[in-house]
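Notes for the one structure printed next.
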Amino acid sequence: MNSIETQVGDNYHRVRERIATAAKRAGRNSNEIMLVAVTKYAELDWVRALLSLGINELGENRPQQLAARAKELPTRDVRWHLIGHLQRNKVKLVLPLVTMIHSVDSIRLAEEIDGTGKKLDLRPRVLVEVNLSGEGAKHGFDRTALAEVWQTLVGLEQLQIEGLMTMAAYSDNPEDARQTFTALRELRDQLRRVSPAEISLPHLSMGMTGDFEIAIEEGATLVRIGSALWQGLEHATPANR
Ligand SMILES: *Cc1c(COP(=O)(O)O)cnc(C)c1O
């Protein structure tokens, strides 16, 4: 094992332990919590180190970078999650590459994904992004807007709506995120009651490096973690390349 693999492996195991501890505190089974490794700050070598450890659920927030990396990495091993804003004109690019889109933030985008899914004979798995933290998040439905379009969303035949995603406002204190995460879980429970039976909304994508333990206590099934995995690694610069 080279030193990058060692460092990435140590970081990963430390994060997994923190996930297990948080799950235990909440009386949950940590097997039901998936870690999506966010690679947007990572060098390709670091990502390869993760893959060599058998970790293959990867997240990118930019469609173009996701597509570029999907080309460079052995795609059959990787399950890509798109976690950032998606413009409608990029749907065709990413749809064949991703296992899940976490960031459906408008009805027009949902319709585009549905239509493209039909053409490509795919049933895209998606989460609906909700903005519950006010100015903190740039994208996502607000609650009222989502309630108004929900029946239209669940009526889109090709889409598989598997749950909700949110981002908490940035804060130094992880506890500040708790009310956002509680609100997402409660909103999911409400939406489930007004949805067709096959829409069970099993997933809550919430929690990042600064607040994932709180998110797990509040029911997260997908945590999106970047920085904590890349601790102690140095970007190549002209001096150390
Ligand atoms: C970057 C990013 C993350 C991961 O952030 P870290 O704080 O580095 O763990 C999670 N979710 C989204 C949407 C992101 O853009």
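The values are calculated or read from the model by the stated rules, or taken from the named source; none is laboratory data. Please read these numbers as outputs of a predicted model, since none were measured by experiment. Here the Cβ is made from the backbone with ideal geometry for all residues, glycine too, and neighbour counts use every protein chain on show.
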Given (1) surrounded by 14 or more Cβ atoms within 10 Å (Cβ to Cβ); (2) part of a helix (DSSP H, G or I), Asp10 misses just (1)
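Which residues, counting only those in region 197-220, are more than 13 Å from the ligand (Cβ to nearest atom) and not in a loop (DSSP other than H, G, I, E, B)?
Step one: of region 197-220, the residues more than 13 Å from the ligand (Cβ to nearest atom) are 197-204, 214, 216-219.
Matches in region 197-220: His203, Leu204, Ile214, Ile216, Glu217.
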For the condition surrounded by fewer than 20 Cβ atoms within 10 Å (Cβ to Cβ) and within 24 Å of Ile225 (Cβ to Cβ), what is the one hit in Gly140, Gly134? Gly134
Of the numbered conditions (1) of a type outside the set (Asp, Glu); (2) at pLDDT 95 or above; (3) surrounded by fewer than 19 Cβ atoms within 10 Å (Cβ to Cβ); (4) part of a loop (DSSP other than H, G, I, E, B), Val149 satisfies every one except a single condition; which is it? (4)
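Can you find even one residue in region 164-174 that is on the phi < 0 side of the Ramachandran plot and either more than 16 Å from the ligand (Cβ to nearest atom) or assigned to a helix (DSSP H, G or I) (or both)? Please lay out each step first, then the result.
Kept after step one, since they are on the phi < 0 side of the Ramachandran plot, are these residues of region 164-174: 164-174.
With the extra rule that they be either more than 16 Å from the ligand (Cβ to nearest atom) or assigned to a helix (DSSP H, G or I) (or both), the set shrinks to 174.
Checked region 164-174: at least one residue is on the phi < 0 side of the Ramachandran plot and either more than 16 Å from the ligand (Cβ to nearest atom) or assigned to a helix (DSSP H, G or I) (or both).
When you scan region 183-192, do you find a residue that is touching a strand residue (DSSP E or B) at 6+ places or on another chain (Cβ under 9 Å), at pLDDT 95 or above and within 13 Å of the ligand (Cβ to nearest atom), even just one? Give the steps one after another, and end with the answer.
First, the residues of region 183-192 that are touching a strand residue (DSSP E or B) at 6+ places or on another chain (Cβ under 9 Å): 183-185, 187-188, 191.
In the following step, the residues that additionally are at pLDDT 95 or above were identified as 183-185, 187-188, 191.
Applying the additional criterion that residues be within 13 Å of the ligand (Cβ to nearest atom) yields none.
No, there is no match, as no residue in region 183-192 is touching a strand residue (DSSP E or B) at 6+ places or on another chain (Cβ under 9 Å), at pLDDT 95 or above and within 13 Å of the ligand (Cβ to nearest atom).
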Given the options Arg48, Arg25, Arg69, Arg62, name the one that is of a type in the set (D, E, K, R) and surrounded by 20 or more Cβ atoms within 10 Å (Cβ to Cβ). Arg69
